[in-house]
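J.: Just passing along the structure, written as structure tokens.
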Amino acid sequence: MRRTIVNPIIKDTVTFLQTAEESGGKITEVDITLMPKGENPLHYHKTYSETFTAIDGALGLKLGRKDTKILKALDTYTVEPGSLHNFFNPTDKEIKFNVKFRPGHTGFENSLRILYGLAADGLTNNKSIPKHLKHTAIIVCMSDMNVPGLLTLLYPLLKRMANKAKANGEEQKLIDKYCK
């Protein structure tokens, strides 16, 4: 299994330093390189915390809907389960940061591998969002990523789609193709 994955659409890289399996479920640890103005959507996780540490450059964290924190090199901040947040690159240069997920989360690890693999195969749009709603459902549910707004309303549908994809083997096909 590759330790470093690259999203060819948005050019971000993720290096897995320690997986949930390697740590006996205690931690997932990754280093992320984020391109200028890159970010992920505002979201929360129900089952794990995330500890962010800036390594090279300034890392922006949006906390809730209004608060913003900028981490400089070696600054650390932990987002607890259930806390609305996102990360972003507020600069015009690529940045590097570390994230520790506690407890470790294999579903999160697999969701990143699948998302980056779909991007490499031309199965995402130019913002790296899967073209097929079924793939989005699998990734969202697998990663414990909960997004406020429209996706909250759609979550029951996404969950049903993800469960169906799991039952008919489609989720496992994605894991076999992108996560082995």
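J.: E21 fails exactly one of the following numbered conditions: (1) within 13 Å of the chain's Cα centre (by Cα); (2) in contact (Cβ under 8 Å) with a residue 24 or more places away in the chain. What is the number of that condition?
T.: So E21 meets the others, but not (1).
J.: In the set L63, L112, L118, which member is in contact with a strand residue (DSSP E or B) (Cβ under 8 Å, 6 or more places away or on another chain) and surrounded by fewer than 16 Cβ atoms within 10 Å (Cβ to Cβ)?
T.: Numbers: L112 fails: surrounded by fewer than 16 Cβ atoms within 10 Å (Cβ to Cβ); L118 fails: surrounded by fewer than 16 Cβ atoms within 10 Å (Cβ to Cβ).
Answer to the check: L63.
J.: Turning to a different aspect of this structure: For D56, work out the one condition from (1) touching a strand residue (DSSP E or B) at 6+ places or on another chain (Cβ under 8 Å); (2) farther than 29 Å from L150 by Cβ; (3) surrounded by 14 or more Cβ atoms within 10 Å (Cβ to Cβ) it doesn't fulfil.
T.: The one condition D56 does not meet is (3).
J.: Looking at the range 87-109, which of the residues that are open to solvent by less than 40 Å² (accessible area, probe 1.4 Å) and β-branched (V, I, T) is farthest from the chain's Cα centre (by Cα)?
T.: Kept after step one, since they are open to solvent by less than 40 Å² (accessible area, probe 1.4 Å), are these residues of the range 87-109: 87, 89, 91, 95, 97-99, 101, 104-105, 107-109.
Checking which are β-branched (V, I, T) leaves us with 91, 95, 99.
Working: T91: 20, I95: 16, V99: 10 Å.
Checked the range 87-109; the qualifying residue farthest from the chain's Cα centre (by Cα) is T91.
J.: Also, quick follow-up: So which pairs qualify, if the first residue must be in the range 25-48 and open to solvent by 30 Å² or more (accessible area, probe 1.4 Å), the second must be part of a loop (DSSP other than H, G, I, E, B) and basic (K, R), the Cβ gap must be under 7 Å, and the two must be at least 6 apart or on different chains?
T.: From residues that are open to solvent by 30 Å² or more (accessible area, probe 1.4 Å), the pairs are M35/K11; P36/K93.
J.: I'm told I138 meets every condition in (1) closer than 22 Å to I10 by Cα; (2) surrounded by fewer than 12 Cβ atoms within 10 Å (Cβ to Cβ) except one. Can you identify the failing condition by its number?
T.: All conditions are met except number (2).
J.: Just give me the residues in the range 145-172 being modelled with pLDDT of 95 or more, open to solvent by less than 60 Å² (accessible area, probe 1.4 Å) and not in a helix (DSSP H, G or I), in sequence order.
T.: Once the filter is applied, which keeps residues that are modelled with pLDDT of 95 or more, open to solvent by less than 60 Å² (accessible area, probe 1.4 Å) and not in a helix (DSSP H, G or I), the range 145-172 yields only G169.
J.: Can I ask one more? Confirm whether I175 is of a type in the set (V, I, T), in contact with a Leu (Cβ under 6 Å, 6 or more places away or on another chain) and outside any loop (DSSP other than H, G, I, E, B). Walk me through it before giving the result.
T.: Working: of a type in the set (V, I, T): yes; in contact with a Leu (Cβ under 6 Å, 6 or more places away or on another chain): no; outside any loop (DSSP other than H, G, I, E, B): yes.
Here the answer is no, as I175 does not meet what is asked.
J.: Could you grab me the full set of residues in the range 59-84 that are part of a strand (DSSP E or B) and farther than 20 Å from D144 by Cβ?
T.: L59, G60, D67, T68, K69, I70, L71, T76
J.: Residues in the range 73-86: is at least one without any contact (Cβ under 8 Å) to a residue 24 or more places away in the chain and surrounded by fewer than 13 Cβ atoms within 10 Å (Cβ to Cβ)?
T.: Filtering the range 73-86 down to residues without any contact (Cβ under 8 Å) to a residue 24 or more places away in the chain leaves 73-75.
Those still in the list that are surrounded by fewer than 13 Cβ atoms within 10 Å (Cβ to Cβ) too: 74.
Checked the range 73-86: at least one residue is without any contact (Cβ under 8 Å) to a residue 24 or more places away in the chain and surrounded by fewer than 13 Cβ atoms within 10 Å (Cβ to Cβ).
J.: Checking G104 against (1) touching a residue at least 40 places away in the same chain (Cβ under 8 Å); (2) part of a strand (DSSP E or B); (3) not basic (K, R), which single condition isn't satisfied?
T.: Unmet for G104, out of (1) touching a residue at least 40 places away in the same chain (Cβ under 8 Å); (2) part of a strand (DSSP E or B); (3) not basic (K, R): (2).
The values are calculated or read from the model by the stated rules, or taken from the named source; none is laboratory data. In this text the structure is predicted, and so the values were computed from the model without any measurement. Counting neighbours? That spans all protein chains shown, and the Cβs are built from the backbone with ideal geometry, glycine included. The area values use the complete protein model at the heavy-atom level, side chains included, leaving out ligands, DNA and RNA. Shrake-Rupley method; radii C 1.70, N 1.55, O 1.52, S 1.80 Å.
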